[in-house]
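The values are calculated or read from the model by the stated rules, or taken from the named source; none is laboratory data. The model shown is predicted, which means the values in this text are computed figures rather than measured ones. FYI the Cβ positions are ideal-geometry reconstructions off the backbone, even for glycines, and counts take in every protein chain you see.
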Amino acid sequence: MSVTFDYLLARARSLPRDGRRAVLGITGSPGAGKTTLAERLVRELNGAGEPWVAHVPMDGFHLADVELERLGRRDRKGAPDTFDAAGYSALLRRLHEETDGGIVYAPGFERVLEQPIAGAVPVEPTARLVVTEGNYLLLDTGAWAGVRPQLDEVWFCEPAEPERLRRLIARHEEFGKSHEEAVAWVLRSDERNAELVAATRDRADLVVPATAMPSPHEPPAARAGA
């Protein structure tokens, strides 16, 4: 089987069945391109018609800096214990169960502030597919173990390693770190988390290779197979 972006579109489109809402998880190490893939899938699937796919990132469940300071975890921001994993699991459960009521609000994450924002992501009752992405969807320890049962499928993004590191350093620089600070943070914190995430790869339903991943700067018409 050749995994292309068109194959991913078709597979995601087929997930909602029997009138129920499906939740697709996209995971991978920091800098793997999870958000780029999720956003492109949502944009392509929704097209120009009535939106039926929603995007709910895991990043909204970062603990606020003030709480990380209280817990003594501020210098490890991004590690599994710096998120509200139980809250994330509970939201995914709501998204599966509350499909006939009103809007379900999810928290977002403001990259400039590096802080979670409550109630920033509305999921309309008409959404038949929710795409969620984050590092720890397949982690089976602590409250994270409650996440996987709420996901219909989980895909693991696996770009080329040099490109993943380049993206990660560039992202830290974009949001204010110097090149030296970005490299130091990646080597000290992000790569420790990446090793943890990489160990969950075999639990994924599908591994997405670099060849199927859209470029962050690729226009929709230039995607593979278009």
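In region 73-87, the condition of being under 15 Å from Arg21 (Cβ atoms) and surrounded by 13 or more Cβ atoms within 10 Å (Cβ to Cβ) is met by no residue. Scanning region 69-101 for residues that are outside any helix (DSSP H, G or I), closer than 23 Å to Val131 by Cβ and either of a type in the set (Gly, Ala, Ser) or in contact with a Leu (Cβ under 8 Å, 6 or more places away or on another chain) (or both) yields Gly78, Phe83, Asp84, Gly101. Among the residues of region 89-98, is any touching a Lys or Arg at 6+ places or on another chain (Cβ under 8 Å) and among the aliphatic types (A, V, I, L, M)? Yes, some residue in region 89-98 is touching a Lys or Arg at 6+ places or on another chain (Cβ under 8 Å) and among the aliphatic types (A, V, I, L, M).
Looking at region 47-63 only, could you name the residues that are buried (at least 16 other Cβ atoms within 10 Å of the Cβ) and either without any contact (Cβ under 8 Å) to a residue 12 or more places away in the chain or assigned to a loop (DSSP other than H, G, I, E, B) (or both)? Residues satisfying the conditions are Trp52, Val56, Pro57, Leu63.
Considering region 1-42, the residues that are small (Gly, Ala, Ser) and in a helix (DSSP H, G or I) include one that is farthest from the chain's Cα centre (by Cα), namely Ala10. Looking across region 149-160 at every residue that is crowded, with 20+ Cβ neighbours inside 10 Å and modelled with pLDDT of 95 or more, the one that is farthest from Glu50 (Cα to Cα) is identified as Phe156.
Return the residues of region 173-192 that are out of contact with any Lys or Arg (no Cβ under 7 Å at 6 or more places or on another chain), of a type outside the set (Lys, Arg), modelled with pLDDT under 75 and not in a helix (DSSP H, G or I); say none if nothing qualifies.
Passing the criteria: only Gly176.
In region 193-226, what residues are of a type outside the set (A, V, I, L, M, F, W, C), modelled with pLDDT of 75 or more and surrounded by 13 or more Cβ atoms within 10 Å (Cβ to Cβ)? Passing the criteria: Asn193, Thr200, Arg201, Arg203, Asp205, Pro209, Pro214. Considered as a group, the residues in region 107-134 that are among the small types (Gly, Ala, Ser) and over 15 Å from Val147 (Cα atoms) include one that is surrounded by the most Cβ atoms within 10 Å (Cβ to Cβ), and that residue is Ala127. Summed over region 48-93, the residues that are at pLDDT below 95 and of a type in the set (Lys, Arg) give a count of 4. I'd like to know if region 15-27 contains one or more residues that are surrounded by fewer than 21 Cβ atoms within 10 Å (Cβ to Cβ) and in contact with a helix residue (DSSP H, G or I) (Cβ under 7 Å, 6 or more places away or on another chain). No; the residues of region 15-27 include none that is surrounded by fewer than 21 Cβ atoms within 10 Å (Cβ to Cβ) and in contact with a helix residue (DSSP H, G or I) (Cβ under 7 Å, 6 or more places away or on another chain).
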